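Student: First the structure, which I've put down as structure tokens, then a few questions once you've had a look.
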Amino acid sequence: MSDATGPVVLFLPARNEGATVGEVIRRAPSTAGGHPVLCLVIDDGSSDATADVASQAGAEVISLEAPLGLGAAVRRGLSEAVARDAVAVAFCDADREYDPAELETLVTEILAGRADYVVGSRFSGGPRRMRVHRMLGNWVLSRLLSLVAGVHISDGQSGYRALSRQAAAAAEVIHDFNYAQVLTLDLLAKGFAYREVPISYSYRASGRSFVRPIPYLLRVIPAVIRELNGPPAPSGGQDLASLSPLPHATRRRP
């Protein structure tokens, strides 16, 4: 495990998740890998009681004045975690689709130095309940992302991820609407080591997902193109074309 001091920060981007966010917070472990867990909620301009419920459940709440989008909330969460000297940073959705009790599964890879960027894969084992159209759409997008990145990616849209302190500080999320594909392409291009771990999954039983297939694709595809056509990786990073396709991880570190 890592000798670095500091908390493991788990943040939850949330908009109008008052019905579920409290339970998600209460399921988060108090420690992970020997480090205390600090739970933050990035309230993306909710019009319900999300902020109050989260605070009562024991989380620190960062409230955005107006809805800015999931990508913007993730960007703020990464910034807040780095400012708190996190030894590792993780985030998951606040709608009960992901189990925060599995936090140590993700951050163990970070703390052991085996990866800088860990994605919880819903397709690498563990129980899961997913609607057929979501499963098919995820499979197609993950195959395309793997092709572009040159790395095997089984779950390109997973909402449960962890980053090292260095990766969190270097990460750039260029899309306010979403983060998934552009964050992965950004960190791989900068040479951060990628790994997947199996997680469980259950589709939401209340509320409404922001994802709608056609609007999602119309927004995400241009963002991926912008990411691919962006400035070259900084010194010490890697161009995507130079990354060898490995089963579940790239071993390059900055």
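The values are calculated or read from the model by the stated rules, or taken from the named source; none is laboratory data. Keep in mind that what you see is a predicted model, and the values were worked out from it rather than measured. We place every Cβ from the backbone using ideal geometry, glycine too, and count neighbours over all the protein chains shown. Note: areas computed on protein heavy atoms with side chains; ligands, DNA, RNA excluded. Shrake-Rupley method; radii C 1.70, N 1.55, O 1.52, S 1.80 Å.
Student: Rounded to the nearest whole Å², what accessible area per residue is found for region 35-157 with the 1.4 Å probe?
Tutor: Working: 4920 Å² over 123 residues.
The answer is 40 Å² per residue.
Student: When the accessible area of region 1-115 is split by element with a 1.4 Å probe, what percent falls to carbon and sulfur? Write down the numbers at each step before the final one.
Tutor: Details: 1950 of 4470 Å².
On region 1-115, the fraction of accessible area on carbon and sulfur atoms equals 44 percent.
Student: Note down the magnitude of the dipole of region 33-167 about its Cα centre, charges +1 on Lys and Arg C-beta and -1 on Asp and Glu C-beta and zero elsewhere, to the nearest 20 debye. Mind dumping the intermediate values first?
Tutor: Details: 13 positive and 17 negative charges, 137 e Å.
The dipole magnitude comes to about 660 debye.
Student: So, counting K/R as plus one and D/E as minus one, what does the shell of residues with Cβ under 12 Å around Val9 add up to?
Tutor: Details: positive: Arg84, Arg165; negative: Glu60, Glu80, Asp85.
Residues near Val9 contribute -1 overall.
Student: Dividing the convex hull volume of the alpha carbon atoms of region 12-72 by its residue count, what do you get in Å³ per residue?
Tutor: Numbers: hull volume 4.6 nm³, N = 61.
Residue-normalised Cα hull volume stands at 75 Å³.
Student: Separate question: Could you check how many percent of all C-alpha pairs in region 13-124 are farther apart than 26 Å?
Tutor: Tail of the P(r) past 26 Å holds 15 percent of the pairs.
Student: List the extent of the Cα atoms of region 68-129 along each of their three principal axes, largest first, rounded to whole Å.
Tutor: The Cα atoms of region 68-129 stretch 34, 32, 16 Å along the principal axes, largest first.
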